[in-house]
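Chemist: This is the structure I want to talk about, given as C-alpha cells.
All of the numbers you see were taken from the coordinates with simple rules; none came from a lab. Computed from a prediction, not measured in an experiment: that's the story for all the values here. Methodologically, a virtual Cβ is constructed for each residue, glycine included, from the backbone with ideal geometry; neighbour enumeration extends over all protein chains shown.
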Amino acid sequence: MKRLRRLFLVIFLCGTALVLHGQRYTVSGLVTDASNGESVKSILVTLMAEEDKTQVFTSFSNQAGFYSITLPRGRYIFYIQYMGYQDVLDTLAVDQNVTKNVALLPDAEVLENVTVSDKAVDHNVTSADVGKMEMKIETIKALPALFGEVDVLKSVQLLPGIQSGGEGNTGFYVRGGGSDQNLILLDETTIYNAGHLFGFFSVFNADAVKNVEITKSGMPAYYGGRLASVLDVAQKEGNLKQFQVDGGLGLIFSRLTVQGPFKKDRASFIVSARRTYIDALVQPFLKKTSPLKGTKFYFFDLNAKVNVIINEKHRLFLGGYYGNDVYGFKSSSGDTRAQFRWGNGAASLRWNYIINPQLFLNTSFNFTNYDFSTLMGISVYTMEMSSGVRDYSFKTELTYVPAFPHQFKFGMQYIFHTFFPNRMSVDAGIDDLTLPNVDPYYAHELAIYANDEFDIFKWWKVNAGLRYTHFEFIGPFTRYVFDGQGVLSDSIVYKPGHIIKQYNYVEPRLSMRFQVAKATSIKASYTLNYQYLHQVALATISLPTDVWMPSTEIVKPQVGHQVSLGVYQNFRNNMFESYIDLYYKHMNNMVEYRDGINIQDITQNADQMYVFGKGWSYGAEFFVKKAVGRFTGFIGYTLSFTQRQFDDLNGGKPFYAKYDRRHDVSINLSYDILPNKLNVSAVWVFASGNTMTIPVGYYFLAGTIVTEYSDRNAYRLPPYHRLDLSLNWNICKRKHFETSLNFSVYNVYNRKNPFFIFFETQTNYQEGQSFDMQTKAYQMSLFPILPSITWNFKFY
C-alpha cells in the first residue's frame, strides 16, 4: 500500500512539474520615446532564457508601440537595441502575465562618455517583408531639397524601383505601375492628390510626419485597392511631456509647428502649418504693365492631431489635414482672367484597445475629400469646370498573438465613394447658357482579410494572407446609349441605391523568407491585387485635372499579378545592408483615353471615352546602404522594362509606357563633419529619358495637310541627371532653444534637363515653284542651379 501511495506521489509531482514547465505566459507592453511620450514603431523586443541562451523570443512593436510575446515560465533577459536610442537591458521572472512598458532614451540624452552601440538590427534579413522599405524622417530632413523645402515624396523617389514623374514632380511610378496604382495613406486616410504647385512639392509637412513606409511587393492582406504600392505616412501624436515650438523660414516657404500636453502623460496635441509667399513678395516690385502683375501662385496646408490616453487599455486619436493650392492670373485690363484651385481635406478618428496581453484592436473612421476647379473668363463670359472625389470609410483590425509563434491579423474595411467627373457651368452675362448636369458616380467598396506571419522552421518564415473584396457601382445614374454611328439614341435611368454592376474577388498574398546564413536570406513573394478605382491622364505628368473614376459595367477592375525573388545580405556586423531583387508584374484591364477624344464632350458618360488593354513590367533592383557611423548613405540602381498593349491604340502593337525608364540610379551620401553639429549631404540621380510620340511627316488629304506621327512612345527624351548638395549647421543648442541653418544647392552643375518637348512647323511656299515644310523640336527646361537657405528653430 505504501508503494502504491509513493507511486501516486511521484506521478503527481512529475505531472505538476510538467504542467508548470508547460505553462506559458505573455509579456506585453508599449514602447515609447522618453523625450516626448510618442509611441515607437518597429522596435525589436527580445527575451532570452537565462538558463538556455538558444531559447530566444522576439516581437516587433506596431504603429501604436504595442508588442506581445508569449513564452514558457522562467527567467529571461529582456533586451531592446535600436539605432538612435539607448540600449535597454533587464531581467524578468515570468511566472504570470507581465506588463512591461518601455520608455526609450534617445541617444542625445545618453550620458557623456557612454557610447550607444552602432550595431543595426538585422530586420531586413530576418523578416518576411519583401519590397518594404522605411525612410526615417531624420534622413529625409538631411537631404538636399528644392528651395530648401524638405519633401517626403521626393525622398521616396530615391529608392530602387520607384521612379519620379519628372523634373521637380512628386508623382511617382512603382515597378511599371501608373501613378493611380499607388495607395497613399496619411494616418490610414487615403490622399488622392499628394502634390502642391502642380506636383512640385508634396502635401506632407516633414515637421508633422512621424514615419514613412513604402511597400513595393509582397503586399500583406491588410493592404489593398491598388496594384503597385502602398505609401503609409503616419503623423506625429504630439509631445506628452512638454510644450514645443518648431519652425523654419526659407526663401519661399515658412512653417510653424506647435505641440504639447493638455495634461502631462495623458493627452497631447500638435498643430503644424505651412505657406508659400513668393507671390506676395514679388507683386509689390512688379510694374503695372508686367504680365505677372496680379498673378497668384501659392499653397498652404494645416495638420492637426489630438492624442488622448484614456487608461492603460484605451487610447484615442483625432487627426486632420487640409491643404489648398491657388494659381490665378488676369490681364492688365481685367478682361481676361483665370483661376485654378485644388485641395485635399482629410480627417480620422482612431481608437486603440488592448483587450488583453494577446489581443490588440485598432478601429478608425476616416473622411477624405479632393476637389479641383477651374474658372476662366473673358469680358462678361465666365466658364467654370470642377471635379473631385469624396470617401467615407470605416476600418477595424484585430491583432492576435497566440501562445504558438504566430501573429494573426483579422480585419474589415468599408468605403463609400462619391466621384464627381468634369462638371461645367457657363455665365454669359445676360444670356446664361444652361448645360445638362453631369451625374456623380456612387460606389460601395468592402474588404475582409486575414493575415498570418509565422515560422515553419527558424530558417523559414512565412507571411500568408487572403483578402476578399466586394465592389458595387450604384445609382442614381444615367447611362447614355449610342447607336452604331455614335449618335445618342437613348438613355437608361437608374434609381438611387440600384446596383448597376458588382464585383467579387479573392486576393491571395504570400511572402517567404529562407535564411541561409546568419546575415543572408532569400525572399520570395506572390501577390494578386484588384483595383476598382482609375485615374486616366492626358499629360505625361500627374496633374490635378486628372479625374478619378470607379469601375462600372464598362470599366472593369484592374488586375495585377506580381512575383519577386531577392537575396538580402548584411555585412560588417550589420553595418551594411544590401539586396538584389528581381520582379515580374502583369496587369489587365488598364485604362487609357481613346485617340482623338474630346474630354469636354458632355453628351456621353466619362467612362465611354476609354479604351482598355494590358501591361507588363519586369526588372532588377540593386541596393546598398550604410546606416551607422559618421559616414552614411545608400546607392540604388534599377533596370526595368515596362510595356503596354491596347487593341485600339498603336495599331494593336505593344508600346513602351510613358514612364518606362531603362536605367535609374540614385546615390545619397551623408557625412557628419562635426557630430551633432555640422553635416554635409549629396544626392545624385540619373534616369533614362521618358518616352514620347513625335511627328515624323506630313501629307495632303483632300487638300488638307495631315500630320503623321511615329508609333506610340517610339522616341525618348535625353537622359535626366542632377547633383544636389546641402549643408546642415546646428548653430546652437541651449536648455530650451535650438537653432540651425540649412544651405542647399539644387542642380549644382546646372544641367538643362528636359521638362517637355514642343514642336514648331514652318512652311515656305512659292507659287508655281515649291512647297517646303520644316518641323523643329524645342526643349523646355525648368530649374537651373538653385541655391537656397532655410533657418530652423525649436523652443521647448
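Chemist: Would you kindly calculate the mean projected area, averaged across all directions, of the convex hull enclosing the Cα atoms of the stretch 476-589, in square nanometres?
Modeler: 12.4
Chemist: Then there's this: Report the full-extension gain for the segment THR363 to ILE499: residue separation times 0.36 nm, less the Cα-Cα distance, to one decimal in nm.
Modeler: Gain on stretching THR363 to ILE499: 46.1 nm.
Chemist: Would you mind working out the magnitude of the charge dipole of the chain relative to its Cα centre, with +1 at each Lys and Arg C-beta and -1 at each Asp and Glu C-beta, to the nearest 20 Debye?
Modeler: The calculated dipole for the chain is roughly 2600 debye.
Chemist: Give the Kirkwood hydrodynamic radius (Å, one decimal) of the stretch 687-796, defined as one over the mean of 1/r across all pairs of different Cα atoms.
Modeler: 18.9
Chemist: Modelled label-to-label distance, MET575 and ILE310, 7 Å Cα→beta-carbon offset: nm?
Modeler: Distance between label points: 5.0 nm.
Chemist: With r defined as the distance between the Cβ atoms of THR763 and ASP648 and R0 fixed at 30 Å, what FRET efficiency is calculated, to the nearest 0.05?
Modeler: After rounding, the FRET efficiency stands at 0.40.
Chemist: Once fully extended, how much extra length lies between GLN55 and ARG594, figured as 0.36 nm per residue of separation less the alpha-carbon to alpha-carbon distance?
Modeler: Difference between extended and current length: 187.8 nm.
Chemist: Once the Cα gyration tensor of the stretch 160-276 is diagonalised, what are the square roots of 5 times its eigenvalues, in whole Å and ordered largest first, as equivalent ellipsoid semi-axes?
Modeler: Calculated on Cα positions only, the semi-axes equal 30, 20, 9 Å.
Chemist: Same structure, new question: Hey, if you put +1 on the Cβ of every Lys and Arg and -1 on every Asp and Glu Cβ in the chain, which of PHE514, GLN96, LEU183 ends up farthest toward the positive end of that dipole?
Modeler: Checking the options against the dipole of the chain, the answer is GLN96.
Chemist: Which order do peptides 658-664, 150-156, 257-263 fall in by mean Cβ count within 10 Å, highest first?
Modeler: 150-156, 658-664, 257-263
Chemist: May I ask you to compute the full-extension gain from GLU134 to THR478, defined as 0.36 nm times their residue separation minus their alpha-carbon distance, rounded to one decimal in nm?
Modeler: This chain segment gains 119.3 nm when fully extended.
Chemist: Right, here's the next one. Report the Stokes-Einstein translational diffusion coefficient (µm² s⁻¹, integer) for the stretch 451-493, Rh taken as the Kirkwood radius over Cα pairs, at 10 °C with viscosity 1.306 mPa s.
Modeler: 103
Chemist: Restricting to DSSP H runs of at least four residues, report the calculated mean residue ellipticity at 222 nm for the chain, -39500 (n - 2.57) per run over all residues, nearest 500 deg cm²/dmol.
Modeler: Calculated mean residue ellipticity at 222 nm is -1500 deg cm²/dmol.
Chemist: Filter the trypsin sites (Lys or Arg not before Pro) in the stretch 505-537 down to the DSSP loop ones having no more than 11 other Cβ atoms within 10 Å, then list what survives.
Modeler: Loop-located and lightly packed - LYS518.
Chemist: Using Cα centres only, tell me the gap between the stretch 436-514 and the stretch 632-690 in whole Å.
Modeler: 32
Chemist: Per-residue counts of other Cβ atoms within 10 Å, averaged by peptide: what ranking do you get for 438-448, 626-636, highest first?
Modeler: So the peptides 438-448, 626-636, ranked by packing, come out 438-448, 626-636.
Chemist: In vacuum, with every alpha carbon of the chain counted as one equal point scatterer, what does the Debye formula give for log10 I(q)/I(0) at q = 0.04, 0.05 Å⁻¹? Two decimals, please.
Modeler: -0.19, -0.30
Chemist: So if R0 is 51 Å, what FRET efficiency would TYR353 and GLU738 give, r being the distance between their Cβ atoms, rounded to the nearest 0.05?
Modeler: For TYR353 and GLU738, the calculated efficiency is 0.85.
Chemist: Take peptides 692-698, 719-725, 617-623, 159-165 and line them up by average Cβ neighbours within 10 Å, highest first, as a rough protection proxy.
Modeler: Put in order of decreasing packing, that is 159-165, 617-623, 719-725, 692-698.
Chemist: For a Förster distance of 60 Å, can you work out the FRET efficiency between the beta-carbons of LEU678 and SER710, rounded to the nearest 0.05?
Modeler: 0.70
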